[in-house]
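Taken together, the values in this text are just the output of simple stated rules run on the coordinates, not laboratory data. All of these numbers come straight from a predicted model, not from anything done at the bench. Note that each Cβ is placed from the backbone with ideal geometry, even for glycine, and that neighbours are counted across all protein chains shown.
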Amino acid sequence: MTSDALVTTPDLTATSTTPVHAAGAPGAEWWRHAVIYQIYPRSFADASGDGIGDLPGITARLDHLAALGVDAVWLSPFYTSPQADAGYDVADYRDVDPLFGTLADFDALLERAHGLGLRVIVDLVPNHTSDEHAWFRAAMAAGPGSAERERYMFREGAGEDGSLPPNNWTSVFGGPAWTRVEDGQWYLHLFDTRQPDLNWEHPEVRSEFEAVLRFWLDKGVDGFRIDVAHGMVKEQGLPDWDGTVAMVEGTEEAPGDHGDADAVADQDGAGASTGAGNRGPMFDQEGVHEIYRAWNRVLATYDGDRALVAEAWVEPLTRLARYVRPDEMHQAFNFSYLTTRWDAAALRRVVTASLEASDGVGAPTTWVLSNHDVVRHTSRLGLADAGSRPKGIGHDDEQPDEALGLRRGRAATLLTLGLPGSAYLYQGEELGLPEHTALDDDLRQDPAWFRSGHAERGRDGCRVPLPWAAQRPGFGFSPTGATWLPQPASWAAYAADAQDGVPGSTLETYRTALRVRRELDLGTGSLAWVDGLEGADPSQVVALVNRDVLVVTNLGDTPVRLPAGVQVLVASAAVDADGETVLVPTDVTVWARTA
Ligand code: TEU
């Protein structure tokens, strides 16, 4: 821990500050403070004209990301896959699906990105393969008792004739987590039936994934995002479990919800007593950590601070921090932050708990508001229960207030980027894109929509192809105008070319924020809460200092007056300035220089 928090305490007239701590251990590694942009390849940019994004499309648009000012990109899977879960069902971990291009296209992308100073992280999906992976085909062909079946989780069924699933686990997408094959055995799949879980007790599974890591490291990738990082090892005996197999739910036990004080305070990681997070026999087992220690050693044999980021829906935050201990992974997505409601006290609590938990293991915190699995934050924040997390939104669900959601979404982003640590952005959020909340149900492709019996709308609404050019067919996503999902007509106003160079647009606001964040090194800074801005109600206002920047988010109805003499650097929306006085309006974040 550094003492930056103490040395940067500014002279804020009529305020006091509480130093909290710094962001992780000091260190030069890029991932400690990087802003990393998630590319969802099928929806970023299409070069081939088939309406599905591809690697050449990404390469052609990398300048947009360099100009945006991010440090790195993370690519969701582009590997050979039957696309039963949009590529999170991998049939060949060492090749590119023809839908997205070729290995040569990947090499060209990597070279261009590195030429622009952007690092590249790729997605690794180790919990399960596709049912079209050579190993699973071999397992099916070889039959019960074979060595080939040992690489997966095949079991005999329960009941007299084995016609019942081996246990009561359900799939994350809904329905049973087991599928029976013709010879009578069952195999486990925590996700879709076409995503059989691997057996991580098997040495060949371990050595194969280390080889896959090396394959991409040798190509020059800068790191990996590890899918379902908390799921690979299951409790011995696969005992029944009556909990819900799902992600962090934002239940009342979870700190990410209303910021329940007791839950956040209960950060001892002592056990399953809070009931929060994924603590069933299929998630967050001790055995996963040994895998990450081995992978850490693989990465350490390469130069350039290669990094591993955990996609682990685990709470409390102290439990998540165990994935980023010094000899394991480097980052873990902070989903407790993502699931926090639009509430000043809850936000302060989750930020403090996050920094304390990651400081405790010398890791950075990895802030995130949106990704390809959740309703876009601009739309979540436009719901009556602002910041709640529905599992998709359809035409007959509550429709978010788009303008309010955008205003709050921009404020939330500016707060996020003002925090020390690393941050992830999801493609399109720099345009302020809302979720597609009225997508025709007949067009939905997410397996969660089908497996939940249409109870969950699923994730298609955050995966709609990006609008690049307001006046072009398909908003310039593809040269033919084709888009694999339709874009709402209202997206013309969000198109990149409609915002480029327009002062105050979401795109220009992101660019300014990222530039200032980089210039002032906010990512390696530290946080001190500002306890009392004059006249500001702490239950309505989040105020902090990072280096000499005052970050103020007003969640209340009354404008918040900034201390006299500060200089506004960035604002998420227009602020009221009257001579020396700067007022921060409702649902706005401002960065102001104090020195
Ligand atoms: O997500 C893991 C996960 O827990 C989510 O799938 C979540 O449960 C789901 O989005 C419901 O909201 C990862 C990937 O990010 C996701 O896209 C994949 O579908 C999943 O793994 C399986 O590989």
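Using the Cα centre as the reference, give the magnitude of the dipole from point charges on the C-beta atoms of the chain (Lys, Arg: +1; Asp, Glu: -1; all else neutral), rounded to the nearest 20 debye. Before the final figure, lay out the partial values.
Details: 47 positive and 88 negative charges, 243 e Å.
It works out to roughly 1160 debye.
How do Ser370, Ser163, Ser422, Ser505 line up, fewest other C-beta atoms within 10 Å first? Provide the component values of the computation, followed by the final result.
On the way: Ser370 26, Ser163 11, Ser422 29, Ser505 19.
Ordered by Cβ neighbours within 10 Å, fewest first: Ser163, Ser505, Ser370, Ser422.
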- request: Please give the calculated 222 nm ellipticity per residue for the chain, where each DSSP H segment of at least 4 residues contributes -39500 (n - 2.57) and the sum is spread over every residue; nearest 500 deg cm²/dmol?
  value: -6500 deg cm²/dmol
statement: Diffing the range 579-595: the Karplus 3J(HN,Hα) column from phi (6.51, -1.76, 1.60, θ = phi - 60°), in whole Hz with x for Gly and Pro, holds x, 7, 8, 10, 10, 8, x, 4, 6, 10, 10, 10, 9, 9, 8, 9, 10
- prompt: Using modelled amide H (1.01 Å from N, peptide plane; none on Pro or chain starts), what sits under 5 Å from the amide H of Gln38, excluding residues fewer than 5 places away?
  reply: Trp74, Leu425, Tyr426, Gln427
task: Note the direction-averaged projected area, equal to a quarter of the hull surface, for the Cα convex hull of the range 470-595, in nm².
output: 10.3 nm²
query: By how many degrees, between 0 and 90 and to the nearest 10, does the Cα long axis of helix 203-219 differ from the longest principal axis of the chain?
result: 50 degrees
field: the chain: radius of gyration and largest Cα-Cα distance (Dmax), Å
entry: 23.5, 82
field: Sequence-distant residues sharing a close amide H with Arg561 (under 5 Å, placed H)
entry: Val584
- request: Report the convex hull volume per residue for the range 278-417, counting only C-alpha atoms, in Å³.
  value: 128 Å³
- prompt: Averaged over all directions, how much area does the convex hull of the C-alpha atoms of the range 77-174 cover when projected, in nm²?
  reply: 8.3 nm²
message: If you wrap a convex hull around the alpha carbons of the range 336-393, what volume per residue comes out, as a whole number of Å³?
response: 77 Å³
- request: Over all directions, average the projected area of the Cα convex hull of the range 134-188 and note it in nm².
  value: 4.0 nm²
field: Whole-Hz couplings from phi, Karplus 6.51/-1.76/1.60, listed for the range 84-96; x for Gly and Pro
entry: 6, 9, 6, x, 7, 10, 9, 9, 8, 6, 10, 9, 9
query: If you line up the long axis of helix 402-417 against the longest principal axis of the chain, both from Cα atoms, how many degrees apart are they, to the nearest 10?
result: 90 degrees
- line: Here, Leu164 and Arg293, labelled 7 Å along Cα→Cβ, have an inter-label distance in nm of 3.9 nm
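Expressed in nm to one decimal, what extension gain is obtained for the pair Arg518 and Glu111 from 0.36 nm per residue of sequence separation less their Cα-Cα distance?
Values: separation 407, 0.36 × 407 = 146.52 nm, distance 2.33 nm.
Length gained, Arg518 through Glu111: 144.2 nm.
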statement: Residues whose built amide H sits under 5 Å from the amide H of Ala312, excluding neighbours closer than 5 in sequence, are Ala229, Phe333
Under Karplus coefficients 6.51, -1.76 and 1.60, residue-wise ³J(HN,Hα) of the range 105-122 in Hz, glycine/proline x: 4, 5, 4, 5, 4, 4, 5, 5, 4, 4, x, 8, x, 9, 7, 10, 10, 10
